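Reviewing the structure listed below.
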Amino acid sequence: MNLIHKLMKTPEGAVGFIILAIMIGIAIMASTISPGDPLRIAGRALVAPFTDPALPLGTDRLGRDVAAGIVHGARTSLLVGAAAALAAIVLGLLVGLVAGFCSGIVDEVLMRVVDAFQIVPGFLLALAFVSVMGASLPVVVLAITLGAWADPARLTRAQVLSLRERDYVAAAKVIGMHPAEIAVRQILPQALPPVLAISATLVAAAILTEAALSFLGLGDPNSVTWGSMIAEGRNVLRSSPWLSILPGLALIITVVGVYLLSEGLAKALAGDGPAMQGKLRNGAAP
Amino acid sequence: MPALPVSRRQILQISSLLLASTALPALLAAQQAPAGGRLVVAADSEPKNLNPAIVASNGVFFIASKVIEPLAEASFDGKDGLQPRLATAWEGSGDGLRITFKLREGVTWHDGKPFTSADVAFSALNVWKPLQNLGRIVFANLEAVDTPDDHTAVFRFSKPTPIQLIRNALPVVSSVIPKHLYEGTDIATNPANVKLVGTGPFTFAEHKPGEYYRLVRNEKYWGKDQPSLDEIIFRVLPDRAGAGAALEAEEIQLAAFSAVPLADLDRISKVPGLKIVSRGYEALTYQLVVEINHRRKELADPKVRQAIAHAIDRNFVVDTIFLGYASASTGPVPKNAPEFYDADVPSYAFDTQKAEALLDEAGYKRGSDGIRFTLKLRPAPYFNETRQFGDYLRQALAAVGIDAQIVNADSAAHQKAVYTDHDFDLAVAPPVFRGDPAISTTILVQSGTPAGVPFSNQGGYANSALDAIIAKAATTIDSGERTKLYNEFQKIVATDLPLINVAEWGFISVASDRVLNIADNPRWAVSNWATTALQP
């Protein structure tokens, strides 16, 4: 709670938090705001926005409701973004922790694997993975995770390397604590904050990657996504630009919101500085 | 597109009447067409193999037909619907076992060697029959080609082969390639497959991958005062949105095969200096078809297939997806093949209640979640329209309680999934009707095609009565008898629904007003463009 309080004091954090709260609210309430399948044909094709009260944002080439698409698209985008970022962080933490804690040959092997993933551009990796596996939501999440877990892994390892030399870790060893317990209960909580600080960036990147995949026709065709809406609108860009502009705006607002939040989060954590770190340490040490 | 009270077909009829009434002045205009100039055309793909004798597809013909010529080309008003090219006359024997072609004299290949009947015999026996996607079917019973002299080729068949079929197939399957460059080489990998040598009005100058193809005037072309143009450049513009902009900027003068998206035509039509032409594709009718996997228990029931046919609103498909540039189908033969078309077949009006009743009757009631059963739907990725129809079909089926899950894939993966692995329940396909049902239409429903043959019946449908009619028509010499058999074929397909024909469409060209004599034959976009001219 204290962190949220601090976050709201920074202007970036406050704006980002509000934007994201609204988007998450829309995503959760999507089925209530616009019930039924958002892909169903709701009216005439290519109704302009703000002309028909029943279809506030108009319709696309097939007569599908653009407002319903944007509302349900928020759900897909945020879900994929959050799930991919979460998966990347969990995987990164695990690999970083094991590599840093075990060192030696295990560290070498794991870090070379991380190198391999860092060399390949994340988007290309996702593109190849989805092309081979076929497009569906879990595959897309996995594909984005593949390109995103290396950074948190590297960060965690660096933290762990410095933490494992601390006195309290040595003390834990002396009292006969199992190494796995030391890693999870003593070191992990300390290694977490910097990784969490980059989590927002990971979410934003994941949302953009998902949109790009859908734009190229590699998203899940059975759910609406902003990327696929932009791609569909591209065919009629000259005559009905709003079909691309509206989902594009939704995408921009969401990503900007996430970035502002991450900026605010970094400031709040930094402003807190040593006090916060100390508190965490005190809380975690036995 | 504003909803006009007249259909596109009516407009076509009216415009062809107008065309006929002004045929004489048009001919004069053609003769007075300005000579010279460079025509720049949008091309959306770069085929790996550009040899039309091996790959008889529109993507290849679009470029290669200017360099390599067939024995005869389709024609609006010629005898048998043909105009002579490398053959000047053809005649079938009464028993259907031989066809004699008289070949044009005084024709030379682009490298200076004379064109003779040996080239035709070589192309037929070594390329069309064993290697070509369509020639395999049309020339399946071709046994030998006799060459009594340099300008006569006699095709001998082991079984009676209808002259009607060969005539209808000539423009597509009979591209002649030079024997002296191919003999004794691996034909499939011969360098002349990418650097074409032919007899056509243009010679192949160069191909810069990713940029352009350049064809230049063949000074020794056999056609008098042909061609009009000095040069044709095919600019590679894979982005469809780019073609419209390039036309407006006058970087290109022609975009064929609906390179400009249908949704953009309304706006483009108002741009001064550009014209929209829907003629010139009459013999290239694409059909929008729902392929059905009959291995699925539910889909093996004719009632379910009828229900699906009733659930599709063909007017919506024509008006909203094709923006009026298409017409609703009644069966496997399109309306603009009047030689074979039979309107007297069962039809399936858009009626969701009837569809639901049929599904209930078949024993597939809606479950507690409103769903009767779930299907895997694979829309072909080749056209915007096939993909959009996939989106529409999913909604149309949802309305009657069938949950269709769309699976998208690129062309290669789609073809493998549908035609090799049979990993689909429904698929959306755009087969082409090529002037005769035996060329590429009967294969869509006839049984016994091995897995892996694209655009064939891979849905596991087998109907011995239908197979018998197809086999009989393939060896029936009398055109009247043969047409009757194909009328019967249409009735069975429309009744039993091995697949569902939804709509049929041609393409649209957008051209600068300066481009003359476009669309002067029913395969214009893939013909030789010898008469096409450019006003300075």
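Specify whether the C-alpha gyration tensor of region A:1-138 places it in the rounded, prolate or oblate class, a ≥ b ≥ c being the square roots of the eigenvalues: rounded for a/c under 1.5, otherwise prolate if a/b is larger than b/c and oblate if not. It is oblate, given that a/c is not under 1.5 and a/b is not larger than b/c. Only helices reaching 18 angstrom along their own axis (Cα) with mean Kyte-Doolittle hydropathy no lower than 0.5 count here, and for the DSSP H runs of chain A these are A:11-33, A:66-102, A:104-119, A:188-215, A:242-284. May I ask which of B:113/B:224; B:159/B:297; B:159/B:491; B:220/B:275; B:48/B:159; B:102/B:224 have a Cα-Cα span longer than 29 Å here? Checking Cα-Cα distances, B:159/B:297; B:220/B:275; B:48/B:159 exceed 29 Å. Sorting the segments B:494-503, A:21-30 by their mean number of nearby beta carbons within 10 angstrom, highest to lowest, gives B:494-503, A:21-30. Across peptide B:320-331, the mean count of Cβ atoms from other chains lying within 10 Å of each residue's own Cβ comes to 1.
Bridging of residue A:9 to lysines at a Cα separation below 19 Å is possible for A:267, once same-chain residues fewer than 8 apart are set aside. Count the net charge of all other residues whose Cβ sits under 12 Å from the Cβ of residue A:219, scoring Lys and Arg as +1 and Asp and Glu as -1. Local charge sum for residue A:219: -3. Look at the stretch A:49-61: the mean tally of other chain Cβ atoms within 10 Å of its residues' Cβ atoms is 1. Shape analysis of region B:169-230 places it in the oblate category; the axes a ≥ b ≥ c from the Cα gyration tensor give an a/c of at least 1.5, with a/b not above b/c. Rounded to the nearest 10 degrees, the inclination of helix B:384-398 to the longest alpha-carbon principal axis of chain B is 10 degrees. Note on residue B:354: lysines with a C-alpha under 16 Å away, same-chain residues under 8 apart excluded, are B:303, B:365. Prolate is the label for region B:280-364, because the ratio a/c of its alpha-carbon gyration tensor axes (a ≥ b ≥ c) is 1.5 or higher and a/b is greater than b/c.
Each reported figure results from applying straightforward, stated rules to the coordinates on display, with no laboratory input. What you see is a predicted model; the values in this text were computed from it and never measured. We place every Cβ from the backbone using ideal geometry, glycine too, and count neighbours over all the protein chains shown.
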